[in-house]
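Q: My structure is below; once you've seen it, I'll send some questions.
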Amino acid sequence: MNINQIDMFAEAARDLLADQCTPQVVRAIEAGGRHSLAAGALWAQLEATGLADAMLGEAQGGAGLGLGEAFGVLEQCGAHALPLPLAETMVARAWLAQAGAALPAGRIVLARGELVGDGGVQCALVRGAHLADAVLVQTGADCRLLPVDGAQAGPQAHAQDAALAWSGEQLRAAPVLALPGAQDLRTLQAAVVAAQMAGALGSVFRRTLQYANERQQFGRPIGKFQAIQHQLAVMSEHVFAARMAAQLGCSGAAPLPDRLRVATAKARCSEAALAVAEMAHAIHGAIGFTEEYDLQLFTRRLHAWRQTAGSEAYWQRVAGQALLEHHGLTLDLLRRITDVDTVA
């Protein structure tokens, strides 16, 4: 697939989300959950464009995008604070197809679970649980696709998240799927989250830059003050470095990413999330924290995504372990991370 075709998918996602995923729609879906009219209408639009199936092969009705080729679509999900799990559904359907499993309709999120004494499984945290129809759950080396309806749900800090548990009977009714290539589902989820973080970071920076150029104090825009200019410069460094890292994390044609590149991507994006959100709110002042102001739609997601699929500390340990186990020049390991044939 050539670069123009890849850009076409990213542009389609951007145009659709800019028109259909407005801040008002985001708030309506967050308030109403997966059964709300707003959620149903937006998901129908996403399915109609073929975006949810874009990573499936052409024989299965998709476009055959690899993870790197789908980066632009994943990024747009974050750039528009999309509350529905389009990004996770895309990669989950691609992974299920590779595993030879039946492809379900509806929205899918990813999670790790633990087997419990009665033979069931429990997920301490499922991001977007109340906006999904099913959860692709990894327990050890096995995965199962489990329905959200019928699961025992517990509350989490974010209203759209939940702790979910399924009984042994429910678990036995779901086919066991082996992970291709002994992959960790957390690695796949981290790559997807990093791409969405890159999009959200860009939106936060652009909104903050616009605010700094419009907000007047002492007769001139606050963006003219040196202290604000310094904060904006630091923000831009974080945003663009995080985007480059996220692209590397998704690079390659296969739907399953390179773990070391993902470690670099997720660690860098999680670091940037904390710094960029802090500076954005410092520049905006109190208005940035209000429910009515759109900035918090993005910074809330950045804080949640920072911890999703492992924080920067977790992935820094993964990268550090790879460095300790590497035989040869450190530069060779860096080249392995950064030298790719094609980066989206």
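The values are calculated or read from the model by the stated rules, or taken from the named source; none is laboratory data. Being a predicted model, the structure only gives us computed values, none of them experimental. FYI the Cβ positions are ideal-geometry reconstructions off the backbone, even for glycines, and counts take in every protein chain you see.
Q: Return the residues of the range 52-84 that are closer than 23 Å to D19 by Cβ and among the acidic types (D, E); say none if nothing qualifies.
A: Matches in the range 52-84: D53, E75.
Q: Additional query: Would you kindly identify the strands (runs of 3 or more DSSP E) lying entirely within the range 123-222 that contain at least 2 residues that are crowded, with 18+ Cβ neighbours inside 10 Å?
A: So the answer is 134-139, 142-147, 162-166.
Q: Still on this model: Go through the range 242-344 and tell me which helices (runs of 4 or more DSSP H), entirely inside it, have 1 or more residues that are modelled with pLDDT under 95 and surrounded by fewer than 15 Cβ atoms within 10 Å (Cβ to Cβ). Walk me through it before giving the result.
A: Values: elements: 259-284, 295-307, 312-325, 330-338.
Counting at least 1 such residues, we get 312-325, 330-338.
Q: If we scan the range 100-109, do we find a residue that is among the aliphatic types (A, V, I, L, M), touching a residue at least 40 places away in the same chain (Cβ under 8 Å) and either in a strand (DSSP E or B) or crowded, with 20+ Cβ neighbours inside 10 Å (or both)?
A: Scanning the range 100-109 turns up no residue that is among the aliphatic types (A, V, I, L, M), touching a residue at least 40 places away in the same chain (Cβ under 8 Å) and either in a strand (DSSP E or B) or crowded, with 20+ Cβ neighbours inside 10 Å (or both).
Q: On to the next question. Can you tell me which residues in the range 315-344 are under 23 Å from the mean Cα position of the chain (by Cα) and touching a residue at least 24 places away in the same chain (Cβ under 8 Å)?
A: Passing the criteria: W315, Q316, V318, A319, I337, T338, V340, T342, V343, A344.
Q: Could we say that G288 is over 26 Å from G72 (Cα atoms), touching a helix residue (DSSP H, G or I) at 6+ places or on another chain (Cβ under 7 Å), without any contact (Cβ under 8 Å) to a residue 24 or more places away in the chain and small (G, A, S) here?
A: Yes, satisfied.
Q: Another question, if that's okay. On the given criteria, is P104 of a type outside the set (V, I, T) and modelled with pLDDT of 95 or more? Show your work before the answer.
A: On the way: of a type outside the set (V, I, T): yes; modelled with pLDDT of 95 or more: no.
No.
Q: Is one or more of the residues making up the range 73-87 in contact with a strand residue (DSSP E or B) (Cβ under 8 Å, 6 or more places away or on another chain) and either surrounded by fewer than 24 Cβ atoms within 10 Å (Cβ to Cβ) or small (G, A, S) (or both)? Walk me through it before giving the result.
A: Our first condition is that a residue be in contact with a strand residue (DSSP E or B) (Cβ under 8 Å, 6 or more places away or on another chain); within the range 73-87, this holds for 85.
Pick out the ones that are also either surrounded by fewer than 24 Cβ atoms within 10 Å (Cβ to Cβ) or small (G, A, S) (or both) and you get none.
The answer is no; no qualifying residue exists.
Q: Within the range 1-98, which helices (runs of 4 or more DSSP H) (wholly inside it) include 2 or more residues that are over 19 Å from the mean Cα position of the chain (by Cα)?
A: Because the criterion is at least 2 residues that are over 19 Å from the mean Cα position of the chain (by Cα), the helices (runs of 4 or more DSSP H) in the range 1-98 that meet it are 3-20, 23-32, 37-48, 86-98.
Q: Could you go through the range 14-29 and let me know if any residue there is loosely packed, with under 14 Cβ neighbours inside 10 Å, under 15 Å from G199 (Cβ atoms) and not hydrophobic (A, V, I, L, M, F, W, C).
A: yes
Q: Let me ask something else about it. Write out, first by first residue and then by second, each pair whose Cβ atoms fall under 8 Å of each other, whose residues are 6+ apart or on separate chains, and whose first residue, in the range 214-242, is under 30 Å from T264 (Cα atoms) while the second is acidic (D, E) and surrounded by 10 or more Cβ atoms within 10 Å (Cβ to Cβ).
A: Within 8 Å, the pairs are H238/E271; A242/E271.
Q: Do any residues in the range 126-137 that are within 15 Å of L84 (Cβ to Cβ) have Cβ atoms under 8 Å from those of residues that are of a type in the set (D, E) and surrounded by fewer than 24 Cβ atoms within 10 Å (Cβ to Cβ), where the two are at least six apart or on different chains, and which pairs are they?
A: Every condition considered, the pairs that remain are V126/D161; R127/D161; G128/D161; A129/D161; H130/D161; D133/D149.
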